[in-house]
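Please treat every number below as a calculation from the coordinates, not as lab data. All figures in this text were calculated on a predicted structure; none of them were measured in a lab. Cβ sites come from the backbone with ideal geometry, for glycine too, and all protein chains shown count toward neighbours.
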Amino acid sequence: MTHDSQDHQESLTAAGDAAGLQALISRAARAGQGLPPVERWNPDFCGDLDMEIRQDGTWFYLGTPIGRMPLVQLFSTVLRKDADGKTYLVTPVEKVGIRVVDAPFVAVEMTVTGSGDEQVITFRTNVGDVVEAGPEQPMRFVDEDETGGLKPYVLVRGRLEALVARPVMYELVEYGEEVEIDGEQMFAVRSKGAVFPIMPLEKLQRLSA
């Protein structure tokens, strides 16, 4: 299929504002019909877009925050993180790179149902994804060297993760328990039968002392 000059102008990298991007992505992703199958699309790389997702989950385009949540939600549905570690907006015909400071999503709320092996921890992200942590959507905890703190992440889909917001993290650790993993006593949380180690128990005791 050949692209004429009009098609070329109607590219993501040429969109002059967020509304122009919205029109292009809406047509490509058929918004409103569930998540588009971005993992199955294999378009050409068309360069980088001046778009950035900050650590607090705020999206910027051309240096300006995107204030309209429906727009951010639309863009979030065509995000894909590839094996090269970079994050892209993907449509059937284009793939453009964007910058992600930390994680593309932020988990802003959590609920817990059940207990023991039946316990399920469910997160809601800043763009409305609902994620049940478990074997398919694991959690991981990363030491934050500069603060001595912890940064928890939960997998949302593909390789895209949500950073668990600090207030939610404090709520999460309330559900922590002592678990032996590979002969080591760990402080961990469980969800959908999976156990996610937060830190060695001796480290927790040292921090709590």
In what sequence, highest mean first, do 137-143, 111-117 appear when ranked by Cβ atoms within 10 angstrom?
137-143, 111-117
Report, by chain and number, residues whose modeled amide H sits under 5 Å from the one on GLN119, excluding near sequence neighbours (fewer than 5 apart, same chain).
LYS192, GLY193
Given R₀ = 30 Å, what would the calculated FRET efficiency be for ASP84 paired with THR58, taking r from the Cβ atoms and rounding to 0.05?
0.75
Order these peptides, 53-59, 73-79, by their mean beta-carbon neighbour count within 10 angstrom, highest first.
73-79, 53-59
Calculate the spin-label point distance for LYS203 paired with GLU174, positioning each point 7 Å from the Cα along the beta-carbon direction, and give it in nanometres.
2.4
Compute the Cα gyration tensor for region 105-208, then decide on rounded, prolate or oblate, letting a ≥ b ≥ c be the square roots of its eigenvalues: rounded whenever a/c is under 1.5, prolate when a/b is larger than b/c in the other cases, and oblate in all that remain.
oblate
Given a Förster distance of 25 Å, the FRET efficiency implied by the Cβ-Cβ spacing of GLN73 and GLU144, rounded to the nearest 0.05, works out to 0.35
Evaluate E = 1/(1 + (r/R0)^6) for ASP182 and THR113, where r is the Cβ-Cβ distance and R0 equals 35 Å; express this FRET efficiency to the nearest 0.05.
0.80
